[in-house]
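The structure appears below as structure tokens.
The values are calculated or read from the model by the stated rules, or taken from the named source; none is laboratory data. Keep in mind that this is a model prediction, so the values were computed, not measured. Here Cβ is always computed from backbone atoms with ideal geometry, including for glycine, and neighbour counts include all displayed protein chains.
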Amino acid sequence: MIVPPPFGAGQRIGLFGGSFNPAHSGHRAVALYALKRLGLDWIWWLVSPQNPLKDAGDYRDYDERLAVTRLVARHPRFIVSNLEEQLKTRTTAATLAALAPVLRRGRFVWIMGADSFANLHHWNDWTEIPETIPLAILARPGYSMRALESPAALRYENRRIATERAKELPGAPPPAWCFIPMPLRSESSTAIRERAKNRKQTS
């Protein structure tokens with residue numbers, strides 16, 4: 001039996017999934033902006049054990065990633081969860097399917113960056129994701145136009161909610177999605193890993 005974070009029936013909850021390899025201030029900025037623009041009660045940070053689209057050799061230890069994410073996500077409305085580890089799921093579609101009984105009790109929305117949305121059509125069983133939960137797409141440097149012209153955006157063009165109506169997204173009947181512009185930050189997990197690798201090589 002899984003143990004989801006506690007929440008009240010009908011509360012507005014953002015699911016912020018990712019490898020967080022490692023989590024950084026850019027992730028925090030996205031979560032804070034989504035919290036405000038979507039009018040959320042909580043954001044659950046779901047730390048993925050393994051992204052099937054990425055090289056497992058590049059991953060830090062799961063417990064380390066979980067611990068770093070908890071440091072980055074310090075906020076009274078943020079909860080860092082190991083739900084995907086509990087579920088033993090490895091794809092977002094499988095995680096959402098397993099969480100179906102939980103999703104029915106609240107008004108949930110999936111938070112993702114424009115970079116992820118631009119490549120959503122490469123994900124396993126990708127159409128099941130927007131068919132299961134509304135998607136909040138937060139701007140990322142260099143990806144806004146690619147996201148808005150992506151196969152996912154074109155497929156669900158008629159289900160897009162205008163940015164100024166973003167607070168209607170949690171609990172909206174899926175498929176539904178909203179693109180949310182925000183102040184952009186260039187920090188990325190890849191850049192952090194590269195800097196750490198270079199420091200080791202020069203030390």
Number of the exception - Gly14 against (1) within 16 Å of Ser81 (Cα to Cα); (2) modelled with pLDDT under 95: (2)
Give the residues of segment 119-129 that are surrounded by fewer than 20 Cβ atoms within 10 Å (Cβ to Cβ) and either in a helix (DSSP H, G or I) or among the hydrophobic types (A, V, I, L, M, F, W, C) (or both), sorted by residue number. His121, His122, Trp123, Trp126, Glu128
Residues that are within 20 Å of Ile13 (Cβ to Cβ) and part of a loop (DSSP other than H, G, I, E, B), drawn from segment 149-175: Ile161, Leu169, Pro170, Gly171, Ala172, Pro173, Pro174, Pro175
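Each row is one residue, and each column tells you yes or no for (1) part of a helix (DSSP H, G or I); (2) in contact with a helix residue (DSSP H, G or I) (Cβ under 9 Å, 6 or more places away or on another chain); (3) at pLDDT below 95.
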| residue | (1), (2), (3) |
| --- | --- |
| Leu96 | yes, yes, no |
| Arg105 | no, no, no |
| Val109 | no, yes, no |
| Phe117 | yes, yes, no |
| Glu131 | yes, no, no |
| Ala136 | no, yes, no |
| Pro141 | no, yes, yes |
| Ala147 | yes, yes, no |
Could you go through segment 68-77 and let me know if any residue there is at pLDDT 95 or above and within 12 Å of Pro4 (Cβ to Cβ). no
If we keep only residues of segment 13-70 that are part of a loop (DSSP other than H, G, I, E, B), free of Cβ contacts under 8 Å to residues at least 60 places away in the same chain and of a type in the set (Ser, Thr, Tyr), then the residue nearest to Leu135 (Cα to Cα) is Ser48
